[in-house]
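The values are calculated or read from the model by the stated rules, or taken from the named source; none is laboratory data. If you're wondering where the values come from, they're calculated on a predicted model, not measured in any experiment. Neighbour counts are summed over all protein chains in view; Cβ atoms, including those assigned to glycine, are modelled from backbone coordinates with ideal geometry. For accessibility, only protein heavy atoms count, side chains too; no ligands or nucleic acids. Shrake-Rupley method; radii C 1.70, N 1.55, O 1.52, S 1.80 Å.
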Amino acid sequence: MADTLHNHVAGTDRPAASGETMELVDPATGRVHRQAPRSGRTDTDAACEAAAAAYAHWSGTTPAARQRALLAVADAIEEHAEALVAAETGDTGKSPRQFRDEELPAIVDSVRFYAGAARNLPGAAAGEYTEGRTSLLRREPVGVCAQITPWNYPLMMAVWKIAPAIAAGNTTVLKPADTTPSSAVLLARIAAPHLPPGVLNVVCGDRGTGRALTAHRDVALIAVTGSVRAGREIAAAAAADLKRVHLELGGNAPVLVHDDVDVAATAAALAAVAYYNAGQDCTAPTRILVHHRVHDAFLAAFAAETGKLRTGGPDEPDADFGPLNSAAQLASVQGLLHRLPDHAEIVTGGARLPRPGFFHEPTVVAGVLQEDEIVQEEIFGPVVTVQPFTDEAEALRLANDVRYGLAASVWTADHDRAMRATRALHTGIVWVNTHGTTVSEMPHGGVKHSGYGSDLSLAGLLDYTQVKHVML
């Protein structure tokens, strides 16, 4: 991929109108490896106008036509897999093997799922609900969608936004995260032969670019995956023009480990998922709550499993996870650890690796209290806290006592206890004796400060539609 990226607007590559660029830093080396446009209002206006023009045609295409287009895009992603691997790993520093083998198949599957879902929109049967009149419902696209995606899974989050919007008949303008735009730009170029110009547009930039995009008069819906701060700002701005908003925000996932589990096996399973992608995952199991009877044994086993993990760059195939995304994110994680209260203990890890790039040791923190900052705030790094609980009621109270509500898991051999937990946990996702797996058919979204609206599943498609009542 070229050392200088361009925006993709109306089917063509374009630099920012101002000529301004941003430096992209390779997290594995700390060195600049590419330039990207710093787009302004002129660029976002052009992209939104292209999307609005394309909407006039695309919204009237048949579901079968949209399905064919998306299936062709999925095939093209597979055909350009190695180029996408290079683009993604260059911006993120993650393992090429993990991205190729674990993330890319799920990305392709999401596109193919929405290709099929485009032809299976639900609707009520027509009926006479008042004498002499027949009512029916039309489900229609909403219009131009402004979509903003994060830096932890750049290509996957782009597809989770783009695929359902396009499948429903909308057009979109995507702004990828300022540090990781390469794979989204490449996706737009790969998709261009299979979509009419203007259906999918990508503009690179910073927060100012996002503000200009979401404020555009042609935007009907704003979809964001990002921080709580970003969600609040966008929701407030959208209210001024009554734009629809779809928010997938932060997480602080609790894990409830009861005293009837296989301690060693549970510790190994959780260590394997907790540090994936350097813990930069809104559903990562960051708060492990353990029954007091097995707390010490679990903590020892989990710390031992954590100590086996190795962090390294894309050129180190035996690395279990890569660097943090940026110097700012590394500083954020280190800040939480440096501010730990005296009663907390770093059991293993806790330090930045003495090498170029933004690498941090996998870390376990024990002795924390519920009110501690590291318990209440999203860490978004390779750090996990472990707390004891005395009974089921306390476990649920501690689990729910944060402002986030995206995901949780419960680990127990007791079926009834597991079902009580799935009902009582205030989250959008609950796993039982597993954690972190997503499938295209099931929704991914949260409650409380984790936002509203769903990615994935038919629910994710319906979020990009609106209902019209027709009476005859």
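Here are some notes:
- Sole exception among (1) out of contact with any strand residue (DSSP E or B) (no Cβ under 8 Å at 6 or more places or on another chain); (2) surrounded by fewer than 23 Cβ atoms within 10 Å (Cβ to Cβ); (3) in contact (Cβ under 8 Å) with a residue 40 or more places away in the chain for residue 265, by number: (3)
- Residue match in the range 49-57 (condition: in contact with a His (Cβ under 9 Å, 6 or more places away or on another chain), over 22 Å from residue 180 (Cβ atoms) and open to solvent by 40 Å² or more (accessible area, probe 1.4 Å)): yes
- When 21, 44, 62 are checked against the criterion of being open to solvent by less than 30 Å² (accessible area, probe 1.4 Å) and over 21 Å from the mean Cα position of the chain (by Cα), a single residue qualifies: 44.
- Just one of the listed residues (209, 172, 214) is of a type in the set (Val, Ile, Thr), over 17 Å from the mean Cα position of the chain (by Cα) and farther than 24 Å from residue 450 by Cβ, namely 209.
- Residues of the range 138-170 that are among the acidic types (Asp, Glu) and open to solvent by less than 10 Å² (accessible area, probe 1.4 Å): none at all.
- If you go through the range 1-17 and keep only what is surrounded by fewer than 21 Cβ atoms within 10 Å (Cβ to Cβ), within 29 Å of residue 58 (Cβ to Cβ) and more than 25 Å from the chain's Cα centre (by Cα), you end up with 2, 10, 11, 12, 13, 14, 15, 17.
- Any hit, the range 36-44, residues being aliphatic (A, V, I, L, M) and out of contact with any helix residue (DSSP H, G or I) (no Cβ under 9 Å at 6 or more places or on another chain): no
- Search result, residues across the range 74-91 that are of a type outside the set (Asp, Glu) and open to solvent by 10 Å² or more (accessible area, probe 1.4 Å): 80, 81, 83, 86, 89, 90
- Looking only at residues of the range 197-208 that are touching a residue at least 60 places away in the same chain (Cβ under 8 Å) and surrounded by fewer than 24 Cβ atoms within 10 Å (Cβ to Cβ), we find that the one that is farthest from residue 186 (Cα to Cα) is 208.
- Identity of the residue in the range 428-449, part of a loop (DSSP other than H, G, I, E, B) and aliphatic (A, V, I, L, M), that ends up surrounded by the fewest Cβ atoms within 10 Å (Cβ to Cβ): 439
- Tally of residues being in a helix (DSSP H, G or I) and basic (Lys, Arg) across the range 162-176: 0
- Any chance residue 135 is of a type in the set (Gly, Ala, Ser), open to solvent by less than 20 Å² (accessible area, probe 1.4 Å) and under 24 Å from the mean Cα position of the chain (by Cα): no
- Hey, residue 192 open to solvent by less than 10 Å² (accessible area, probe 1.4 Å) and either under 19 Å from residue 81 (Cβ atoms) or touching a Lys or Arg at 6+ places or on another chain (Cβ under 7 Å) (or both) or not: no
- Matching residues, the range 407-443, being closer than 17 Å to residue 270 by Cβ, aliphatic (A, V, I, L, M) and under 24 Å from the mean Cα position of the chain (by Cα): 407, 408, 410, 425, 429, 430, 432
- Boolean, residue 76 is closer than 30 Å to residue 235 by Cα and aliphatic (A, V, I, L, M): no
- Matching entry among 42, 4 (being β-branched (Val, Ile, Thr) and modelled with pLDDT of 95 or more): 42
- Of the strands (runs of 3 or more DSSP E) contained entirely in the range 3-79, those carrying at least 1 residues that are free of Cβ contacts under 8 Å to residues at least 12 places away in the same chain fall at 31-37.
- Search result, residues across the range 69-79 that are under 20 Å from the mean Cα position of the chain (by Cα) and more than 10 Å from residue 112 (Cα to Cα): 77
- Qualifying positions in the range 80-94 - within 21 Å of the chain's Cα centre (by Cα), assigned to a helix (DSSP H, G or I) and not aliphatic (A, V, I, L, M): 88, 89, 90, 91, 92
- Of all residues in the range 95-113, none satisfies being open to solvent by less than 10 Å² (accessible area, probe 1.4 Å), β-branched (Val, Ile, Thr) and in a loop (DSSP other than H, G, I, E, B).
- The residues of the range 228-258 that are under 25 Å from residue 425 (Cα atoms) and surrounded by fewer than 16 Cβ atoms within 10 Å (Cβ to Cβ), listed by number, are 229, 232.
- Every residue from the range 441-472 that is of a type in the set (Ser, Thr, Tyr) and more than 21 Å from residue 253 (Cβ to Cβ): 464, 465
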